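Heads up, the thing below is written out as structure tokens.
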Amino acid sequence: MISLPGPLKRGPPESYFHGVWFGAGEDDPIEYYEELDPLRWSIRSVRKYRDGRLEAFSYASDNWRDKMPEQPAPLV
């Protein structure tokens, strides 16, 4: 099991990540936009769906443990 970090200090991100999920199902996000801390954990996240809908999450969200990524962003 991966141990998730607690809420982070919200400040300027260290780096950014954009991912496209080509095999996404109809109800899954197809694009991910992330602002990353120095260890590549997402601080803020935006997900884009096929219908153009956007969802945004951050560690300030009440349900951040359910919505934020469960591991650091990969190095590409």
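The values are calculated or read from the model by the stated rules, or taken from the named source; none is laboratory data. As the structure is a computational prediction, the values presented were derived from the model and not from experiment. FYI the Cβ positions are ideal-geometry reconstructions off the backbone, even for glycines, and counts take in every protein chain you see.
Quick notes
- Subset of region 29-71 that is free of Cβ contacts under 8 Å to residues at least 12 places away in the same chain and under 24 Å from residue 1 (Cβ atoms) - its residue that is surrounded by the most Cβ atoms within 10 Å (Cβ to Cβ): 61
- Screening residue 24 with (1) loosely packed, with under 15 Cβ neighbours inside 10 Å; (2) not in a loop (DSSP other than H, G, I, E, B) gives one miss only, at (2).
- Selection within region 43-70: residues that are in contact with a helix residue (DSSP H, G or I) (Cβ under 8 Å, 6 or more places away or on another chain) and under 17 Å from residue 14 (Cα atoms). The member of this set that is modelled with the highest pLDDT is 45.
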